[in-house]
Each structure stands twice: as C-alpha cells, then as structure tokens.
Amino acid sequence: MGVAFIRSAASTYDETVHLASGYSYLATGKYVMNIMDHPPLAEMADAFPLLAYKPNIFSSHPYFMQASLYHYGDLFLYQNIVPADKLLNTARLFSLILWSGLLVFFIGLFAYKAAGYEAAAYSIVVFSFMPVFISNNALVTTDAAPAVFYFGTFCLGYIFSALPVLSVAGRGHKVIKVLDNRGQYVYAALAGLVTGLAMASKFSMFIIPPLLISFWIGHNLLEPKMRLSRLLWYSAIYMAASVFTLAVVYKFDMGLYLAGLEETLKRLDQGRSSFVWGRHSVNGVLWYFPLALGIKTPLAVLALLLAGLAAVIKSFRKDFVWLILPPLIYFAISMGAKVQIGFRHILSVMPFVAVLAGLGAVYIGEKKALRCVLAPLLVLWGWGLVKTGPYYLAYFNELAGGAANGYKFLVDSNLDWGQDVKTLSVRLNERGNPPVVLSYFGVARPEYYGIKYLPLGTISNVELAGTGEDVCRMDRLLLAVSATNLQNTYYPDKHTFDWLKSRKPEFSAGYSLFLYDLTSDKDGAGKLAELFDRNGMNREADCVRGR
C-alpha cells in the first residue's frame, strides 16, 4: 500500500525543500539550507539513497547561495539530470522502509515488555494497516522520524524502569535490593541515544529529556528500587548520551541547534491559517486534533484503543503509565498549538495508539460478545483502505463519510498537500488532455505531468506561470480547484470559492482536486470571470463573460 501511494503522488508541499536540503547537507557537509526550520537528521536520512545517483546540487546557483528554500527545492527536483520521479520516489521508498521498520521494532518491543507476545503481534498488525503511517512514513518530511524516536525513547525508558531486582538480601533490619546495574547503564545510554536522534529530527522534541527523567523519578517513587542519588546518576548518563548524540549530528555546533530552536518557537507563536469543519482560524482551536484523531483513524482502531484502555484500567499496573501519559501529554500540548495544519503533527501519539489497540485486541479476544461488535468494524476498516487506496493521505473513516467527504472537515496536509496533481494529469489524459483553469495548492509542477493549464488563485511558494493557455480559445471551460483552496483556507476572502460548493464536480482526482465543467454554466462562468477580474486578468474575464 505504501508503494502504491508513492507511485500515485506528486511532490507534496514540503518534500522538495526537505529532499533538497537533506541532499545538500550530505553533499556539502554544511548545514545551511533549512537549518533554522528543522534539524538536519530526518532530511539527511531520507535523502541518503540519492548519493547513488549523484544528482546536480546547483551549488553555484543563486537559489542555493541565498538559501531560497522552495525555489532551490523546485530547481533540485524538476531541473536535475536525474528525473524528478526517480529522485523523489527513491527517497520515499527508503523513508517508508526505514521509519516503518524502526516502528515495527519499537512497537513490538514495547508491547511485548508490557503485555507479552500476543499483544506485540496484534500491535504490529494494527500499526501496519493504519493509513496515517502508510502515507506519512512514505513521504520525505520531518514527521515520521520524531514519531519513531519519541516512541522509542519512552519504550527504552520504560524498560529501564522495569528492569528486575536480581536479588534481595537482608542485613539486620535493612533490606538491600541488588539491581541489574549493567542493564540500567545500557538502557539509560540507549534512551539517551534515541532522545538525541529525536531532538536532531524535530525541534519540538526538546520536551523529551525533562519528561523522561520525571517519569523515572515518579516510577521510582511508586516502586522504589534505588536511592534518588543513584537515579540521578543514571539520569546524568542519559543526558550525557542525549547531548552527545545531538552534538555529533550537529558536528558539535550546539549554538546552531539553539538558534534554530529559538527561531522555531518564535514562528510557532505567530500562528497560521487553518480550516476545520467550516471554521477558519489563525490561532487554532482546542478541538482540531481531537476531531482529526476521531475521523482520520479507522473506527476499528478507535474501538480497540478503548478496549485497550479498559483492559489497562481493569488490571492496572504502574507500568501502564508509560503507555498512557507520554501520548496524553504530547496530545495535550498539541491541542494548544497555534499551527494546526495536519494530523501529522500528532503522529508521535499514534504508535502508542497502536500498542494500546494491540492490548485491546487481546482483551476483546477473550470476550465473545465484544468480538461480534468488532467484526463489522474490521470489515469497514478493510473496505475503507480498499476504497481509499492508493490515496491513503486522504483517508477518513465512516464518521466523516469516508475520503470523498473529508474535505468538508479538514484540508491541507490532512488530505490535500498538492500530491494529486499527478492523478489529475491521468484523469485529464483519459479525456484527451484538455487545458484547464487551475487553482492549485502545492509546489509540484503541473506541466511536469503534462497538464496544460492557466493558473488562477494559486497558493504556492514557487512561481507556477502556466503553459501559455488562452481561456479565449478553450473549447470547454474547465476549472480545477484544490480542496484547500475550495475551503478558502489561505485566501483573505473566506468566501472566494463558496459558489462552487453547490456544484457537483465532473470528477475528483485523488479526493483533493476537483474538476468543474462550467461550459454551460452561465452563473458559474460569471463567478469565474469575477475571480479573473479580482486577480487583474481582465482580458480573460471578458472572454469568459463573452462565452
């Protein structure tokens, strides 16, 4: 499914930047391009297989020298000596294998340590068929890596706290616990290593060290195994490993990391335009991510999650705190974020959901009545994947009415990240490849995929000038609109395309790009002419009115 998604999708909005930046770091050894927005590790990891192709890095081009992120990304991907699809899809396939493989390892390990082999097997199965992972793990972004390392840190931190007491010796009235000291050292250091990798992948991961140390102290208070001074010693080892790993990735220029962190925190505090269920916001709403979780997660997984929480509560152990609190804290912090543009921003929560769902599967397996309730939800899960595929980024469950209805609730990277311009090309070719008026949200080049278009109201960080089409000469008046633009997310006028919502599109390309035929729609053509006028395209407006 991941491979099918990769083949179907053009470059998403940020992939050109991440791919070009990562390769520039590997090829030059210098962190310049995107270093104030993202740490370098995730980008370098995804770009690593491109070293075999030796693409042109354009190091003397003004876009490179001036660190013009999106323009350089566009240059690197679409004007290179290696075809764009080959560069992008090679990196995507490597990303899918790398991050999915690491998640399978950590999910299996965490579930096994917490509840045994059966829970581990179920957890891996749940993870494997979750659309959020099928799609996001297969993209060149900085979302999958921190999700892997956030989850991996708490997995190793839990194992550290759960290491057994090897023996108990009595000395007078005192009881002396003999711990597995070697295991404590190893897991403290490994947790530090993974934390350092997390912090080198996403700036938001700076929250991990204080969280993990607090968890260790709290666990030790609930189940005393060592003196506080001893625990602080292990915490110091953990911190040393974290800082050393981060320093190695940054080539011991920690000032660069701190500068990037400071810039990121300033940028996040500014907010960003977003759309959620008919509402536009710049500073975010508290229910954005709860809604996203509720309608972009298969209903069967939500049911298994509830069953897993019920099982945890019914037979509560202190160990289960490690499965519940880390995702809960991350989710709570995310709810208050001003930047709300995608389910991917809570991707770090979802491996915990997979493990709890695995525990729920074990619990339901012991309850015949619950199995009967779960069975139809499993059928819906499978049908939803079949019906949505290969466009898994646009998956929505039955509460939202499926992928075809998703744009009414959430847009942007939840379903429309510019990736379906490739599918639009296929659908237009089936109709003789007519020219279209294109209101596109994204940075992929429509002309690369053979689309003949006249841009109107494009939202992009690169100049998409079109292919010289003349609306006055078009046989049919076709308008293609991205879902994010249809919901007016980034337009000052939040009613720009409201007139289209009462019209049925001729087709939708991958659930995120809608094609409308306005040839015989007098009122629709008039509304389109008004948009041409508002964009200073008066000649085009007159031609449309003249039709």
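Screening residue 33 against (1) aliphatic (A, V, I, L, M); (2) surrounded by fewer than 24 Cβ atoms within 10 Å (Cβ to Cβ); (3) not in a helix (DSSP H, G or I) leaves a single unmet condition, (2).
Filtering region 212-234 to residues that are surrounded by fewer than 18 Cβ atoms within 10 Å (Cβ to Cβ) and not in a loop (DSSP other than H, G, I, E, B) leaves 214, 217, 218, 220, 221, 222, 228, 229, 230, 232, 233. When you look at residue 512, is it over 30 Å from residue 15 (Cα atoms) and small (Gly, Ala, Ser), yes or no? Considered against the rule, which asks whether it is over 30 Å from residue 15 (Cα atoms) and small (Gly, Ala, Ser), residue 512 comes out as no.
Mind checking which residues of region 486-507 are under 14 Å from residue 273 (Cβ atoms) and among the charged types (D, E, K, R)? Matches in region 486-507: 493, 494.
Restricting to region 14-73, count the residues that are without any contact (Cβ under 8 Å) to a residue 24 or more places away in the chain and within 18 Å of residue 139 (Cα to Cα). The number of residues fulfilling the criteria is 1.
State yes or no: is residue 343 under 18 Å from the mean Cα position of the chain (by Cα) and under 24 Å from residue 109 (Cβ atoms)? Considered against the rule, which asks whether it is under 18 Å from the mean Cα position of the chain (by Cα) and under 24 Å from residue 109 (Cβ atoms), residue 343 comes out as no. Against the numbered list (1) over 19 Å from the mean Cα position of the chain (by Cα); (2) within 18 Å of residue 20 (Cβ to Cβ); (3) among the hydrophobic types (A, V, I, L, M, F, W, C), residue 88 comes up short only at (1).
If you check 371, 344 for being in a helix (DSSP H, G or I), in the same structural domain as residue 158 (by TED's automatic domain parsing), among the basic types (Lys, Arg) and modelled with pLDDT of 95 or more, only one passes: 344. Scanning region 386-431 for residues being in a helix (DSSP H, G or I) and among the charged types (D, E, K, R) gives a total of 5.
Of all residues in region 353-393, those being aromatic (Phe, Trp, Tyr) and closer than 16 Å to residue 125 by Cβ number 2. Restricting 222, 256, 231 to those that are under 26 Å from the mean Cα position of the chain (by Cα) and either hydroxyl-bearing (Ser, Thr, Tyr) or assigned by TED's automatic domain parsing to the domain that holds residue 345 (or both) reduces the list to 256.
When region 288-323 is examined, which residues are found to be of a type in the set (Val, Ile, Thr), crowded, with 16+ Cβ neighbours inside 10 Å and within 21 Å of residue 116 (Cα to Cα)?
301, 312, 321
The single condition among (1) under 23 Å from residue 136 (Cβ atoms); (2) part of a loop (DSSP other than H, G, I, E, B); (3) of a type in the set (A, V, I, L, M, F, W, C) that residue 81 does not meet is (1). Can you pull out the residues in region 438-456 that are in a loop (DSSP other than H, G, I, E, B), surrounded by fewer than 23 Cβ atoms within 10 Å (Cβ to Cβ) and within 26 Å of the chain's Cα centre (by Cα)? Across region 438-456, the qualifying residue is only 445. Pairs meeting the criteria (first residue in region 147-165 and over 15 Å from residue 181 (Cα atoms) and in a helix (DSSP H, G or I), second residue modelled with pLDDT under 95 and among the small types (Gly, Ala, Ser), beta carbons under 8 Å, at least 6 apart or on different chains) are 158/114. Condition check for residue 339 on (1) in contact with a strand residue (DSSP E or B) (Cβ under 9 Å, 6 or more places away or on another chain); (2) part of a helix (DSSP H, G or I): one failure, at (2).
The values are calculated or read from the model by the stated rules, or taken from the named source; none is laboratory data. Because the structure is a prediction, the values reported are computed rather than measured. Ideal geometry is used to build each Cβ from the backbone, glycine not excepted, and the neighbour counts take in all protein chains shown.
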